[in-house]
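Notes follow once the structure below has been shown.
The values are calculated or read from the model by the stated rules, or taken from the named source; none is laboratory data. Being a predicted model, the structure only gives us computed values, none of them experimental. Glycine also receives a Cβ, built like all others from the backbone with ideal geometry; neighbour counts cover every protein chain displayed.
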Amino acid sequence: MLGWFKRKSGKKAAPEREIQTDVTPEEIPDTGELGAEDTPEAPELTPEDTPKTPEVSDEVILETAETDSETDASSEEPDLTDDSEAPPVTEDKPSEAKKKKGFFARLTKGLSKTRDSFIKRVDSVFLGKRVIDDDLLDELEEILITADLGVGTTQDLLDEARMQVSRKELKDPQALKEAIKKKMLHYLLSSDRPAEMVLPESGPFVIMVLGVNGVGKTTTIGKMAHKFKLSGQSVLLVAADTFRAAAIEQLQIWGERIGVDVVAQKSGVDPSSVIYDAIDYAKPRGFDVIIVDTAGRLHTKVNLMEELKKIKRVMEKKLPGAPHETMLILDATTGQNAVSQTRLFNEAVELTGLTLTKLDGTAKGGIVVNICHEFNIPIRFIGIGEKMDDLRDFDPQEFMEALFSEGAVE
């Protein structure tokens, strides 16, 4: 769990129910102005660039889940009647090997659509073929592109294959299939980098989460916080998506569900002021991880991308080095559109990590390889289902083994 993030957990202070903060405009750093031509339509953005906290009537609310509440919707107590007996308590726990096997089986099942559209089609092309010729490579090129590996990545794969064929290193289609698998794995491993490279020596590890509308950003944040909590980290969620009231409520519900604190203000305030106050709250209380939810935005809207730059500047001034991880959430079902999203968000705020959701609902899982090859940005998590633990740490080796797995998984 959390193989990319290894850190000793800090001491968490006793939770409080509600706090109020009074931050004057002078205490908040000046972050510059947005251009008038980039002014968004209401209520997308507030026109002020300097973060301000509302006067008197507004308050920062800290939502803390009750410690005795249910923390996982997937665990339910048995419905026992008066004459029924409670199930026997057993001490048996699944071994790590058994857990790993179960996780791999679910990953294999989650990638079934991609495997059907990619690996099985490759096998059908290779069936009965004894030599690698131009016709075979042309058919393979079409399959790779339609699996969303992209034109550039496909061309690089096949150029390497043709070179190996000319040197007589590849003599039959099965050897070619194995060579493609190894090259795809190389792309994934080349972009993989652990978080230790940016972990602060002290203070919270801040994750700024971005994404367009509808990718499952807030839900992914909740599942991510659950993983951090299970690994022993104290987590604070920050509801900086202030333009959609439902986003604040949704994050608060997740906080109650998994038992972590949530800092929020009311809808419509400057998101930078929420983040500013959240860091003030988090630093003296020893939180290990702060996860900031930002508003969903179209990557093609220049003014909204400029706002992300502003939010990042405020974090850096308030907590040097923050955000330590700038994570983009991508919907794998969008295929090549995910590539353009990655490119524009990366140009705006320099991404350090990616999460791909809904991989179980697409036949275009090749986008994972394409993005790693194009941008050399590590993939932190992949989503392969609706359950809490269906947000998985991305393991390149495990992913490729599951993708090329031949057996169907029930």
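What the table below lists for this structure:
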read-out: In the range 356-410, the residues that are among the small types (Gly, Ala, Ser) and more than 14 Å from Leu149 (Cα to Cα); value: Gly361, Gly383, Gly385, Ala402, Ser405, Gly407, Ala408
read-out: Residue match in the range 249-272 (condition: surrounded by fewer than 24 Cβ atoms within 10 Å (Cβ to Cβ), under 27 Å from Glu201 (Cα atoms), touching a residue at least 40 places away in the same chain (Cβ under 8 Å) and among the hydroxyl-bearing types (Ser, Thr, Tyr)); value: no
read-out: Per-region count, the range 343-361, residues surrounded by 22 or more Cβ atoms within 10 Å (Cβ to Cβ) and either part of a loop (DSSP other than H, G, I, E, B) or among the hydrophobic types (A, V, I, L, M, F, W, C) (or both); value: 4
read-out: Sole residue being at pLDDT 90 or above, more than 22 Å from Lys120 (Cβ to Cβ) and out of contact with any Cys (no Cβ under 6 Å at 6 or more places or on another chain), chosen from Ile382, Ile377, Ile367; value: Ile377
read-out: Residue within the range 313-330 that is of a type in the set (S, T, N, Q) and surrounded by fewer than 21 Cβ atoms within 10 Å (Cβ to Cβ) present; value: no
read-out: Selection from the range 303-331 of residues that are in contact with a Lys or Arg (Cβ under 7 Å, 6 or more places away or on another chain) and either among the β-branched types (Val, Ile, Thr) or at positive phi (or both); value: Ile329
read-out: Every pair of residues 6+ apart whose Cβ atoms lie under 6 Å, when the first sits in the range 150-173 and is touching a residue at least 12 places away in the same chain (Cβ under 8 Å) and in a helix (DSSP H, G or I) while the second is of a type in the set (Phe, Trp, Tyr) and surrounded by 12 or more Cβ atoms within 10 Å (Cβ to Cβ); value: Pro173/Phe126
read-out: Residues located in the range 291-347, provided they are under 22 Å from Val274 (Cα atoms) and without any contact (Cβ under 8 Å) to a residue 12 or more places away in the chain; value: Glu316, Pro320
read-out: Filter pass, Thr114 being farther than 19 Å from Val368 by Cβ, of a type in the set (Val, Ile, Thr) and assigned to a helix (DSSP H, G or I); value: no
read-out: All strands (runs of 3 or more DSSP E) inside the range 260-342 with 1 or more residues being under 30 Å from Ala147 (Cα atoms) and not aromatic (Phe, Trp, Tyr); value: 325-331
read-out: Complete set of residues in the range 200-232 that are closer than 17 Å to Ile279 by Cβ, in a loop (DSSP other than H, G, I, E, B) and either β-branched (Val, Ile, Thr) or in contact (Cβ under 8 Å) with a residue 40 or more places away in the chain (or both); value: Pro200, Gly203, Pro204
